[in-house]
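> Encoded as structure tokens, here's the structure I'll be asking about.
A short reminder: the numbers here are calculations on the coordinates, not readings from a lab. Here the structure is a predicted model, which is why all the values come from computation and not from measurement. Here the Cβ positions follow ideal geometry from the backbone for every residue, glycine too, while neighbour counts run over all protein chains shown.
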Amino acid sequence: MIIRSNRPFQIITPFRRLMLCAENRKEMEVWISSLKSVQSREPYEVAQFNVEHFSGMHNWYACSHARPTFCNVCRESLSGVTSHGLSCEVCKFKAHKRCAVRATNNCKWTTLASIGKDIIEDEDGVAMPHQWLEGNLPVSAKCAVCDKTCGSVLRLQDWKCLWCKTMVHTACKDVYHPVCPLGQCKVSIIPPIALNSTDSDGFCRATFSFCVSPLLVFVNSKSGDNQGVKFLRRFKQLLNPAQVFDLMNGGPYLGLRLFQKFDNFRILVCGGDGSVGWVLSEIDKLNLHKQCQLGVLPLGTGNDLARVLGWGGSYDDDTQLPQILEKLERASTKMLDRWSIMTYELKLPAKSSLLPEPVAATEEFYMTIYEDSVANHLTKIVNSDEHAVVISSAKILCETVKDFVAKVEKAQDRTLENTVVAEAVASKIFPSFMSFLMLSAQS
């Protein structure tokens with residue numbers, strides 16, 4: 001969808017919105033013509049995710065640059081006091097807004113097929129080559145071959161590997177070792193040569209000999225007051241983009257499904273306790289708890305689990321992620337109990353009586369039970385030497401007589417005015433009570 005208003009215009013895609021502008025009417029028409037030429041492509045669907053869909057495709061976002069920066073398409077400077085332009089969030093490919101549609105799809109590799117003709121073949125099979133990006137090197141850049149300063153603030157020159165971060169002069173690039181060592185995070189990286197794309201079921205077909213300790217990263221881009229976005233970009237720059245997933249874009253299921261055939265892998269969840277619980281629930285559903293270990297990088301507001309496991313209460317410095325990955329590689333494993341609570345509404349039956357109440361109870365039945373109770377308490381009153389026991393038994397005796405009368409009245413649906421019941425009570429209770437009085441008098 002394109003919204004046009006004079007020279008500035010807005011592009012709305014399934015991923016994000018971009019406000020772009022052209023220097024003149026002709027350039028704007030070129031923009032619009034290029035965008036319309038790709039509108040016939042099928043839209044992205046989360047449920048049908050395939051890492052090959054993103055092989056070589058740049059993920060643009062608008063940004064500013066505090067130092068001279070050059071467009072990787074036209075090689076001209078990004079003009080302005082603070083150079084406004086577009087940057088790929090994965091490979092940091094720079095482009096003018098007008099040049100972005102003409103950029104080649106040479107973003108960071110994800111699978112073996114995405115490497116193409118740059119693949120290195122030898123007697124041992126295939127090896128990982130360097131993936132070079134030209135220019136825009138940091139001020140302190142030094143060539144790995146001649147150890148001299150490289151890069152320039154005056155033009156686009158010299159090269160940097162997207163994987164091992166090695167920097168070389170253009171003249172030194174051909175003499176540098178062609179095989180990429182993958183750099184500081186090589187233990188956690190799944191190299192593109194290890195992923196032979198995906199099969200028809202959506203699982204990764206991987207060459208496991210290249211995967212020392214594969215890491216699956218889930219980032220909640222909404223965590224930490226939306227600070228998760230910068231962590232998402234940083235992880236894609238350090239690792240294979242195919243092993244980094246945004247929980248807000250499809251949840252954890254897609255990543256876990258891609259890694260389901262790995263015998264052993266690690267998971268890093270960047271978010272709060274809710275994000276961790278979400279991932280753990282999906283692990284339970286897919287029955288992967290024996291294949292993976294989970295670490296936590298606290299970004300949310302509630303990070304109690306991260307504190308318990310020793311990862312701290314919060315984290316907001318994305319520049320220290322290589323050190324965090326090294327710490328994750330050395331971390332020990334702790335067992336974690338998982339349990340759930342199910343609640344449901346149950347209609348309880350009416351409260352039953354503490355004393356048995358047969359369906360066809362008679363006066364004789366109640367009289368037998370209560371006669372035994374009365375006799376028992378009368379015996380306690382007569383034989384006990386403790387004043388407290390006598391008082392307690394006398395109270396219980398009175399309550400027993402009252403309860404007996406109420407039970408008979410309820411069972412027979414009669415009132416105490418019924419002479420038959422009254423006479424039955426009197427004939428059973430009062431003789432016993434009179435005997436108690438006589439015994440008390442004698443003692």
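> For the charge dipole of the stretch 186-330, defined by +1 on Lys and Arg C-beta atoms and -1 on Asp and Glu C-beta atoms about the Cα centroid, which residue among 195, 300, 242 has the Cα displaced farthest towards the positive pole?
195
> Given the Cα-Cα distance of residue 66 and residue 226 and 0.36 nm per residue of separation, how much length would full extension add, in nm? Walk me through the numbers before you get to the answer.
Values: separation 160, 0.36 × 160 = 57.60 nm, distance 2.31 nm.
Length gained, residue 66 through residue 226: 55.3 nm.
> How far apart, in nm, are the 7 Å Cα→Cβ label points at residue 157 and residue 338?
The modelled label-to-label distance comes out at 5.6 nm.
> Now for a separate question. Quick check: net charge around residue 295, other residues with Cβ under 15 Å of its Cβ, Lys/Arg +1 and Asp/Glu -1?
Counting the neighbours of residue 295, the net charge comes to +2.
> If each residue of separation counts as 0.36 nm, what is the full-extension length gain between residue 149 and residue 394 once their alpha-carbon separation is subtracted? Display every interim value, and only then the final one.
Working: separation 245, 0.36 × 245 = 88.20 nm, distance 10.43 nm.
Length difference between fully extended and current span is 77.8 nm.
> Turning to a different aspect of this structure: Quick one: which residues, 5+ away or cross-chain, put their amide H under 5 Å from the amide H of residue 216? H built at 1.01 Å from N.
Residues meeting the criterion, in which the H sits 1.01 Å from N, are 266, 267, 268.
> Using the basic label-point model (7 angstrom from Cα toward the beta carbon), what is the residue 309 to residue 385 distance in nanometres?
About 6.9 nm separates the two model spin labels.
> By counting other Cβ atoms within 10 Å of each Cβ, how are 248, 28 ranked from fewest to most?
Details: 248 16, 28 19.
Placing the least packed residue first, the sequence is 248, 28.
> If I model a spin label at residue 117 and residue 253 as a point 7 Å from the Cα along the Cα→Cβ vector, what separation in nanometres do I get?
4.2
> Report Rg(Cα)/(2.2 N^0.38 Å) for the stretch 186-330, keeping two decimals.
Ratio of Rg to 2.2 N^0.38 Å for the stretch 186-330: 0.98.
> Can you check what the net charge comes to around residue 162, using other residues whose Cβ is under 9 Å from the Cβ of residue 162 (Lys, Arg +1; Asp, Glu -1)?
+4
> If the reach is capped at under 21 angstrom between alpha carbons, list the lysines near residue 290, excluding any in the same chain fewer than eight residues apart.
The reachable lysines, counting only those whose Cα sits under 21 Å from residue 290, are 261, 334.
> Across the stretch 109-161, what fraction of all alpha-carbon pairs, as a whole percent, falls in each successive 5 Å bin from zero upward?
Taking all Cα pairs of the stretch 109-161, the binned fractions are 4, 17, 21, 16, 13, 15, 10, 3, 1 percent.
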